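The values are calculated or read from the model by the stated rules, or taken from the named source; none is laboratory data. These figures come from a predicted structure and were not determined experimentally. Cβ coordinates were reconstructed from backbone atoms using ideal geometry, including for glycine residues, and neighbour counts include every protein chain displayed.
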Amino acid sequence: MRFNSKTFKWISSAFLIVLGTGFLFPLLWLFLTSFKGNSEIYSDPLGLPDVWLFENYVNAFTKFDFMKYFFNSVVYAGCGTLLVLICVTLFTYATARMDFKGADKLQKFLQFGLVIPGGSTLLGIYTILLKMGLKNTYPGLILVYVAHGIPIAAVIMYGFFRSLPFSMEEAAALDGAGTFTTFFKVILPMVTPALTTVAVTTALTMWNEYTLASILLDSNKLKSLPIGIQSFMTSRGGDWGGMAAALLLACIPTLVLYLCFSEQLENALVANSGMK
Amino acid sequence: MPIMKKNRRTVLLFTLPCLLIFAVFGIGPLLPPIFYSFFDYKSFKLGDFTGFANYFKVFQDKAFGVVLLNNLKLLFWQFLIGAPLSFACAIMITASGPKVRRFFKTASFLPYVLSVTVVCTAWSMMLQPQWGVVQSLMEAIGIGHLYRPWISIPDTSFNVAIITVIWQAIGYNMLLYYAGIKAIPDNYLESARIDGASMWQQVFHITLPLLKETLKFVSILMITGTMAMIANVKILTNGARIGEKAYSTVLYIYDKAFSSMDFGYGYALTVVYAIICFCIVLIVNKMIGKERTEYV
């Protein structure tokens with residue numbers, strides 16, 4: 001699609017550059033602030049720090065319980081992503097490539113999860129987990145995260161599985177391979193791009209998740225990073241430099257993931273829209 | 001067509017884990033609201049059957065109306081400014097060179113990638129009185145007297161939440177639009193251009209109509225996302241209760257249910273909220289219109 005107007009191209013580029021910088025501005029400001037002491041933050045909010053205070057970052061580890069929250073987030077996002085990968089890959093392999101009645105319906109059932117209004121499950125989740133004794137536990141939150149990650153993962157994997165030629169299974173069967181051998185040795189190696197896409201998207205979402213964690217986690221030792229950071233605000237609101245440092249530290253995993261896997265993340269978006 | 005017929009046991013083995021987890025923790029939570037809202041259900045003890053009593057209470061709840069309007073306000077601004085801006089950026093990206101494209105894609109998607117906590121905490125810091133960057137910038141260009149501590153004022157607090165939501169959503173929506181635009185074959189617009197169509201005409205008469213499905217999809221995502229907004233308000237106000245005018249619908253429902261432990265009422269609120277969301281999606285879809293797009 002081309003708009004053959006040089007003027008438009010120049011105006012667009014200029015506009016986009018300005019807007020793009022605007023998007024980055026809060027992060028840049030956080031970065032500068034994280035190296036300043038409180039007095040400098042008050043007096044010179046926009047300038048470069050006079051003294052680059054690395055101790056703000058050190059404080060983030062020692063005075064805030066950063067490592068504990070970080071570790072918890074790793075548990076939630078890590079286990080959650082792994083479970084989603086396993087469950088969804090098995091499931092969509094069946095619905096996409098096995099011939100049985102109701103394959104279609106099962107797949108649609110999972111994809112229905114995408115249109116459920118977000119807030120309508122909050123109270124229900126709380127009640128169910130409470131009654132199952134899973135509130136405020138690692139497995140409880142992980143299972144809820146998995147249930148939320150399943151729909152979008154299913155869409156991505158299903159599309160990918162469908163795109164492989166069915167002759168693969170034919171050939172494998174001719175060679176005498178059973179279902180599981182075919183799955184693990186033939187099909188699975190072919191879907192690694194989709195697996196990466198699902199893994200990155202799911203992990204990112206679970207890492208950043210706030211609402212469910214804030215409802216279901218009470219005890220401090222279970223809190224994930226987003227929740228922990230918020231409690232920094234309340235407990236040490238006065239230390240703004242330290243606060244900025246903690247925020248940036250919390251961003252680093254997501255930023256690394258984003259910069260390394262931006263292509264996969266984009267693919268996840270597009271796959272989602274292609275399916276509807 | 002899949003040709004391998006599998007026996008039931010194999011199919012079950014493959015599908016059961018996923019199905020179980022999703023059914024119990026994904027769909028399951030929809031059931032308590034539908035059932036218990038018809039009962040007196042306080043502090044998790046099932047009381048008498050009360051019929052529609054909880055629902056009558058919902059319709060008399062003025063505060064619920066206020067928070068619903070808040071969310072609708074958010075939706076309105078998303079559709080008025082957020083979505084068109086994303087769309088305009090998507091068009092501009094197609095006209096720009098690869099370097100600018102790369103830069104803007106990365107920069108605009110970045111807010112989405114950050115955690116809501118980071119985004120809202122950063123914004124609340126920027127908006128702080130005295131040393132916040134926003135106030136400094138305003139003073140530097142001479143409009144410092146217009147500054148207010150917007151977050152703590154009940155009337156304007158929610159507007160800040162709106163800004164944070166849109167800030168995070170623009171890049172995400174833009175990428176979705178861009179994917180849809182890229183999918184349009186070049187010759188459609190080529191022939192229009194040859195026939196003398198101006199750029200505006202190309203966009204409005206060719207691009208937009210062909211994007212109907214993308215538009216619908218983005219709209220559904222926007223609606224379900226913004227109607228469910230709770231984290232932004234919670235983090236921005238940092239737990240301070242400044243009144244319903246600053247609340248989002250879901251935050252209100254959650255708060256109401258837990259403060260009085262009246263989950264029966266909370267469930268009724270949830271059901272009404274879900275129905276409203278669903279209706280909004282239907283209305284917006286109808287407005288965008290029916291069209292299955294297929295490129296030959």
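Test B:MET222 against the stated conditions and say whether it is within 30 Å of B:MET126 (Cβ to Cβ), touching a Cys at 6+ places or on another chain (Cβ under 6 Å) and either of a type in the set (A, V, I, L, M) or modelled with pLDDT under 85 (or both). Here the answer is no, as B:MET222 does not meet what is asked. Just wondering, is there one or more residues in region A:174-194 that are touching a residue at least 24 places away in the same chain (Cβ under 8 Å) and surrounded by 23 or more Cβ atoms within 10 Å (Cβ to Cβ)? Yes: one or more hits.
Table: residues versus (1) small (Gly, Ala, Ser); (2) farther than 30 Å from B:ASN232 by Cβ; (3) under 25 Å from the mean Cα position of the chain (by Cα); (4) part of a helix (DSSP H, G or I).
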{"position": "A:PHE109", "(1), (2), (3), (4)": "no, yes, yes, yes"}
{"position": "A:LEU114", "(1), (2), (3), (4)": "no, no, yes, yes"}
{"position": "A:LEU143", "(1), (2), (3), (4)": "no, no, yes, yes"}
{"position": "A:LYS185", "(1), (2), (3), (4)": "no, yes, no, yes"}
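Only residues that are at the interface with chain A (Cβ under 8 Å from one of its Cβ atoms) and either closer than 20 Å to B:GLU213 by Cβ or over 32 Å from the mean Cα position of the chain (by Cα) (or both): list them for region B:168-187, please. Of everything in region B:168-187, those that are at the interface with chain A (Cβ under 8 Å from one of its Cβ atoms) and either closer than 20 Å to B:GLU213 by Cβ or over 32 Å from the mean Cα position of the chain (by Cα) (or both) turn out to be B:TYR172, B:LEU175, B:LEU176, B:ALA179, B:GLY180, B:ILE181, B:LYS182, B:ILE184, B:ASP186.
If you check B:LEU221 against the conditions, is it surrounded by 18 or more Cβ atoms within 10 Å (Cβ to Cβ) and within 10 Å of another protein chain (Cβ to nearest Cβ)? Give the derivation first.
On the way: surrounded by 18 or more Cβ atoms within 10 Å (Cβ to Cβ): yes; within 10 Å of another protein chain (Cβ to nearest Cβ): yes.
Taking the combined requirement at face value, the residue satisfies it.
Annotation: B:VAL113 fulfils all but one of (1) within 28 Å of A:LEU212 (Cα to Cα); (2) surrounded by fewer than 20 Cβ atoms within 10 Å (Cβ to Cβ); (3) facing chain A (nearest Cβ under 7 Å); the unmet one is (2). Scan region B:195-210 for residues that are under 14 Å from B:ALA90 (Cβ atoms) and touching a residue at least 60 places away in the same chain (Cβ under 8 Å) and the total you get is 3. Considering region B:126-162, the residues that are within 11 Å of chain A (Cβ to nearest Cβ) and assigned to a helix (DSSP H, G or I) include one that is nearest to B:SER115 (Cα to Cα), namely B:MET126.
Annotation: A:VAL51 fulfils all but one of (1) in contact with a Gly (Cβ under 9 Å, 6 or more places away or on another chain); (2) in a helix (DSSP H, G or I); (3) more than 22 Å from B:VAL118 (Cα to Cα); the unmet one is (2). The residues of region A:114-130 that are at pLDDT below 90 and farther than 17 Å from B:THR270 by Cα amount to a single one, A:LEU114. Within region A:119-141, restricting attention to residues that are in contact (Cβ under 8 Å) with a residue 40 or more places away in the chain and not in a loop (DSSP other than H, G, I, E, B), the residue that is surrounded by the fewest Cβ atoms within 10 Å (Cβ to Cβ) is A:TYR138.
Of A:GLY80, A:GLY20, all but one fail to be under 26 Å from B:LEU127 (Cα atoms), within 14 Å of chain B (Cβ to nearest Cβ) and not aromatic (Phe, Trp, Tyr); the exception is A:GLY20.
Checking the structure you have, find out if any residue of region B:82-89 is without any contact (Cβ under 8 Å) to a residue 24 or more places away in the chain, within 10 Å of chain A (Cβ to nearest Cβ) and assigned to a helix (DSSP H, G or I). Scanning region B:82-89 turns up at least one residue that is without any contact (Cβ under 8 Å) to a residue 24 or more places away in the chain, within 10 Å of chain A (Cβ to nearest Cβ) and assigned to a helix (DSSP H, G or I). Number of residues in region A:91-117 that are surrounded by fewer than 19 Cβ atoms within 10 Å (Cβ to Cβ) and touching a residue at least 40 places away in the same chain (Cβ under 8 Å) equals 2.
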